[in-house]
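See structure below.
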Amino acid sequence: MAQDPMRAAEYRGRAAAETAAGLASGLDQVRAKHARAAQVWTDLADAEDARREDREARLAAAAPAAAPA
């Protein structure tokens with residue numbers, strides 16, 4: 001499960017690289033292509049974060065309650 005935050009971070013890194021590539025381009029169509037790619041990578045990272053949060057919530061709900069002291 002430790003891979004999931006790494007995967008989201010990797011996706012965000014790819015989104016940043018696409019954004020930088022788009023900013024470096026002088027052509028509108030190329031900038032738009034890189035902007036769309038960056039949005040897709042960002043969406044993937046957000047989805048990975050949401051899956052991780054959902055999994056953590058389900059695990060917390062399934063865990064037995066701690067006995068009162």
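Return the residues of the range 18-69 that are surrounded by 10 or more Cβ atoms within 10 Å (Cβ to Cβ) and of a type in the set (Asp, Glu); say none if nothing qualifies.
Correct list: Glu18, Asp43, Asp46, Glu48, Asp49, Glu53, Asp54, Glu56.
Within the range 19-52, can you find the residues that are touching an Asp or Glu at 6+ places or on another chain (Cβ under 8 Å) and over 21 Å from Arg7 (Cβ atoms)?
Result: His34, Ala35.
Every number here is computed from the coordinates shown, using simple stated rules; none is lab data. The shown structure was predicted, so the numbers you read here are calculated from the model rather than taken from an experiment. So basically every Cβ, Gly included, is an ideal-geometry build from the backbone, and we count neighbours across all protein chains shown.
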